[in-house]
Amino acid sequence: MSYVFAAPPQPVVPVAGSTDLYPVHRIYCVGRNYEEHAKEMGFSGREAPFFFTKPADAVLPVPEGTTGEMPYPSETSNLHHEIELVVAIGKRGKRIAATEAPNYIWGYAVGLDMTRRDLQGEAKKLGRPWEVGKSFDCSAPIGPIKPIAQTGQIRSGRIWLNVNGETRQASDVSKLIWNVAETIEHLSKYFELAPGDLIFTGTPEGVAAVKPGDLLEGGVDGVGTLRVRIR
Ligand code: MN
């Protein structure tokens, strides 16, 4: 027995300070997990956050000290940045209690949940799924994963994004509505988490459009930074 064509390559994310690679299994994302971002999207900020996904091969890995190149996606004229703390899972589990959640974390990274906002808005209006707005190729630029053994648990710290040197997003991870442990508790009720799963934990306020040529530079204190050029 053999594959009928070459098996697709395994999506990977580099590990910080190492030549090791973290193989990606699934990408989960949390929607409206910062109150001020929920408000800027037209909601009260008091609703519970929720989940959506991207395909594993939507990652655009950006090795340490380099600038990622993200192609401007098709069929949009309103590509938005969303800077996010990303959690990398290292252990299989379901119905994980928040108190146990840290044992399931392999590490953290800085990611961008890039969004075709016009297509997402249309889908929302029509009650349709979000895939065309959220789950396109290269929609998940991500920096190196730093092991939790080096970072400790990330419960607070500045999260920020500059575009062409100007601050667009600036908040603190402590403002997450569901913190990382609570996010793992909620998510693992619905899905069995596995090594290789990435969780984009949500974006703070200040999301806005980018255009070809723009340089996005962001970071999370204690985790790292991420640089991406739109082309
Ligand atoms: Mn997001």
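Any read-out appearing in this document is the output of simple, stated calculations on the displayed coordinates, not a laboratory observation. For clarity, every value in this text was computed on a predicted model and none was experimentally measured. For neighbour counting, all protein chains shown are included, and Cβ atoms are generated from backbone atoms with ideal geometry for every residue, glycine included.
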Test of understanding: in a Gaussian network model of the chain with alpha carbons linked when under 10 Å, which of Gln150, Gln169, Gln120 would top the mean-square fluctuation ranking? Gln150
In terms of the alpha carbon gyration tensor, root eigenvalues a ≥ b ≥ c, rounded if a/c is under 1.5 and otherwise prolate when a/b exceeds b/c or oblate, region 98-148 is oblate
So, with points 7 Å from each Cα along the Cβ direction, the Phe5-Ala97 label distance in nm works out to 4.9 nm
Qualifying GluC sites (Glu not before Pro) in region 33-114, DSSP loop, other Cβ atoms within 10 Å at most 12: Glu47, Glu75
May I ask which of Lys39/Lys91; Lys189/Lys211; Lys91/Lys211; Lys91/Lys124; Lys125/Lys211 have a Cα-Cα span longer than 32 Å here? Lys39/Lys91; Lys189/Lys211; Lys91/Lys211; Lys91/Lys124
What length, rounded to one decimal in nm, is gained on full extension from Lys124 through to Phe51, with 0.36 nm per residue of separation minus their alpha-carbon distance? 24.8 nm
Do you know the relative contact order of region 119-231, to the nearest whole percent, from alpha carbon pairs under 8 angstrom that are 6+ apart? 28 percent
Which of Trp178, Trp160 has the fewest other C-beta atoms within 10 Å, and how do the rest follow up to the most? Trp178, Trp160
Expressed in nanometres to one decimal, the distance between label points 7 Å along Cα→Cβ at Asp20 and Glu64 is 1.3 nm
Per DSSP H run of n ≥ 4, the term is -39500 (n - 2.57); total these for the chain, divide by its residue number, and report the mean residue ellipticity at 222 nm rounded to 500 deg cm²/dmol. -4000 deg cm²/dmol
Which aspartates and glutamates have a Cα lying under 13 Å from the Cα of Lys146, excluding residues fewer than 8 positions away in the same chain? Asp20, Glu64, Asp221
Which net charge results when you count Lys and Arg as +1 and Asp and Glu as -1 among the other residues whose beta-carbon is under 12 Å from that of Lys189? -1
Please get the size of the charge dipole for the chain, origin at its Cα centre, with Cβ charges of +1 on Lys and Arg and -1 on Asp and Glu, quoted in debye to the nearest 20. 360 debye
Taking neighbour Cβ counts within 10 Å as the exposure measure, how do Cys138, Cys29 sort from fewest upward? Cys138, Cys29
